[in-house]
Amino acid sequence: MKTKSKAPKEKVKATSPTAAIVPEQTFYEGAPSITETLIPGLSLFTVVGVIPFTASLARQAWTKYKFTNRRIEVASGFQGKDVVQILYREIIDVKWLRRYGGAAGDVVFSLQDGSKLEVRSIAEFDRNLAFIMSQVEDDARESSEYPDGPARDFLEKVASGEEPKPELPSAAAEAEAVTSA
């Protein structure tokens, strides 16, 4: 026969006050790159070109991208009312394609649930891609084969000081920007 012994309960320590939750900070927020209107704009010389040009202008007006330290948000649809948000930890693979000589680019995120999110015509492409890749899990970065040649060139320019670092602004810089506004 087994005898039960009751040990005193162990106290669970609360999280330390120094382990503060980092507030969400926005790295980039904006419309798709204006370069996506170039080809449709040139097609205005034909009667048929009015439709693609109008569609590209509607995307400029109604699509907004937001990259933060926690998530990616895409607002699209009629007047930007359809909003999709994904967390970086949900991303398992990233594929990208540069357009217009690297001025813009498209990214497709493969998610854990098997779905995909396509983000088209991102402005400041190499800078935004570098930030996104710094936020995703190591496994996703490795499976995406990042950095490729142009990304390595961009990272070398960052290291030499030619390009700004793709990182969130510090709290002090944000406070200074708010007080100077």
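The values are calculated or read from the model by the stated rules, or taken from the named source; none is laboratory data. Not measured: the values here are computed from a predicted model. Using ideal geometry, Cβ is built from the backbone for each residue, glycine included, and neighbour counts are taken over all protein chains shown.
What to note about this one:
- Among the residues making up region 73-105, those that are in contact with a Lys or Arg (Cβ under 7 Å, 6 or more places away or on another chain) and part of a strand (DSSP E or B) are E73, A75, Q85, I86, L87, G105.
- Selection of region 109-132 for residues being out of contact with any Gly (no Cβ under 7 Å at 6 or more places or on another chain), assigned to a strand (DSSP E or B), in contact (Cβ under 8 Å) with a residue 60 or more places away in the chain and buried (at least 21 other Cβ atoms within 10 Å of the Cβ) yields only S121.
One line per residue, one yes/no per condition, for (1) touching a Leu at 6+ places or on another chain (Cβ under 7 Å); (2) over 26 Å from Q135 (Cα atoms); (3) without any contact (Cβ under 8 Å) to a residue 12 or more places away in the chain; (4) surrounded by 12 or more Cβ atoms within 10 Å (Cβ to Cβ):
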| position | (1), (2), (3), (4) |
| --- | --- |
| I21 | no, no, yes, no |
| Q25 | yes, no, no, yes |
| Y28 | no, no, no, yes |
| A31 | no, no, no, yes |
| G41 | no, yes, no, yes |
| V50 | yes, yes, yes, yes |
| K64 | no, no, no, yes |
| R70 | yes, no, no, yes |
| S76 | no, no, no, yes |
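- Restricting region 149-171 to residues that are under 14 Å from I132 (Cβ atoms) and part of a loop (DSSP other than H, G, I, E, B), the residue that is modelled with the highest pLDDT: P166
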